[in-house]
Amino acid sequence: MPRFTALFSAALLATGLMTGVAQAQQTADPAQSQAPAAEAPAQDFSDSQLQQFADASQEIAVVSQEYTERLQSAEGEDDQQEVRAEANEKMIDIVENSGLDVDTFNEIGQAIQQDPEMMQRVQEMAGES
């Protein structure tokens, strides 16, 4: 279980990176220029969505670790920005390939931070996969 906690922490870090990309994309679209809600509304996510989140989180954690190492060895702000962009693309692909969209993935990530029971369910799902 400690391994999952480390992976999950990395995945949450990764979702933070993706949230920045998603918000940047929304800000670029004037039709969607409303400020995002500070807190995700309480939602009921299906077991299928939570399983998709758990699976994607594990893959994202691996990518996050790989790109964290690359980021540390990158020289200069331009190289670091390039590594971040590449990592974000990979993580977004993982989420979308899991069957979730980035917004739903981020909403689940926020919800489990606020709901220990949901966090436990996701941890159990990740342990089974």
Gain in span if fully extended, residue 115 to residue 93, counting 0.36 nm per residue against the direct Cα distance: 5.3 nm
Contour excess over end-to-end distance, with Cα ends at residue 77 and residue 43 and 0.36 nm allotted per residue: 8.4 nm
Gain upon complete extension [residue 68, residue 85; 0.36 nm per residue less C-alpha separation]: 4.9 nm
For region 60-124, convex hull of alpha carbons as volume per residue, Å³: 101 Å³
Rounded to the nearest 20 debye, dipole of region 80-127 from Cβ charges on Lys, Arg, Asp, Glu: 160 debye
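Every read-out reported here was derived from the displayed coordinates using simple, explicitly stated rules and does not represent laboratory data. None of these values were measured; they are calculated from a predicted model. Glycine also receives a Cβ, built like all others from the backbone with ideal geometry; neighbour counts cover every protein chain displayed.
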